[in-house]
Amino acid sequence: IAWAIAQSAIREGARLAFNYQNERLKGNVEELVKSVDGAKAYQCDVGNDEEIAAMMAGVEADLGKLDFLVHSVAFAPREELIGEFVNTSRQGFQTALEVSAYSLVALSRAALPLMKDGGSIVALTYLGAERVVPHYNVMGVAKAGLEASVKYLAEDLGKDGIRVNAISAGPIKTL
C-alpha cells in the first residue's frame with residue numbers, strides 16, 4: 001500500500017525518502033529506492049527514538065523539509081494473532097501498541113520541525129479498529145489506538161497547518 005502511495009507521489013513530482021527497520025529489510029527497500037530518481041533510504045527502527053532523530057536529521061540534510069509523511073508501520077508478534085484475544089500477552093500487547101500506534105506520535109513529533117510550511121501526515125489503518133475481525137486480535141486494538149492518535153495529533157498539529165488523517169484501503173495481502 002505504501003509503495004502505491006509512493007508511486008502516486010512520484011507521478012506528482014515528489015522527492016521521496018524511505019525507511020527500513022533493520023538489515024533484514026534493507027535490501028527490499030533499497031531495491032525499490034533504486035527505481036526512484038533522487039530517492040533516499042534511511043535505517044530507522046520506529047521503536048528507537050535515536051534512530052528516528054537520526055533519520056529526520058538525514059531527511060533534513062538531504063531534502064531540507066518534509067511536505068508529507070506516510071505512516072505505514074504495524075507489527076504484532078505472530079503468536080498474538082493466533083487463538084483468542086483474551087490470551088494476548090502483556091509483552092505482545094505492548095509491542096503491538098508501540099510499533100503500530102505510538103510510532104505515529106514519535107514520528108510526527110520528529111517530523112514537525114521539518115514541516116515548515118504545513119503538511120500532511122497519513123497513517124494506514126484497517127477496519128479491525130472498528131469491529132472484530134477474526135484472528136486480527138491485538139492488531140485491532142493497536143489500530144484503534146492508531147486512529148485515536150490520529151485524532152489527537154490532528155487537534156494538536158492543525159494549528160501549524162499540518163493535516164493528520166488515516167485511511168483504510170480494505171483487505172489487501174501485505175508483507
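The values are calculated or read from the model by the stated rules, or taken from the named source; none is laboratory data. Being a predicted model, the structure only gives us computed values, none of them experimental. Cβ sites come from the backbone with ideal geometry, for glycine too, and all protein chains shown count toward neighbours. SASA here: full protein model, heavy atoms, side chains in, ligands and nucleic acids out. Shrake-Rupley method; radii C 1.70, N 1.55, O 1.52, S 1.80 Å.
Going by Cα centres, region 1-50 and region 138-156 are how many Å apart? Measuring centre to centre over Cα atoms gives 23 Å. Placing unit charges on the Cβ atoms of the charged side chains and taking the dipole of the chain about its Cα centre, the candidate lying farthest along the positive direction among GLY170, ASN28, SER149 is GLY170. Solvent-accessible surface of the chain, taken per residue with a 1.4 Å probe and all protein chains present: 59 Å².
A simple charge model with +1 on the Cβ of Lys and Arg, -1 on the Cβ of Asp and Glu and nothing else charged puts the dipole of region 25-175 at about 320 debye relative to its Cα centre. Taken over region 45-175, lysine pairs spaced eight or more positions apart, or on distinct chains, with alpha carbons under 27 Å apart number 10. Put simply, the amide H of ASN19, placed in the peptide plane, has neighbours under 5 Å in TYR42, leaving out anything fewer than 5 places away on its chain. Between ALA106 and GLU30, the distance separating the two model label sites (each 7 Å from Cα on the Cα→Cβ line) works out to 2.4 nm.
Ranked by the mean number of other Cβ atoms within 10 Å of their residues, highest first, the peptides 58-71, 97-110, 30-43 come out as 97-110, 58-71, 30-43.
The amide H of ALA123, built 1.01 Å from its N in the peptide plane, has HIS71, ASN165, ALA166, ILE167 as neighbours under 5 Å, considering only residues 5 or more places off or on other chains.
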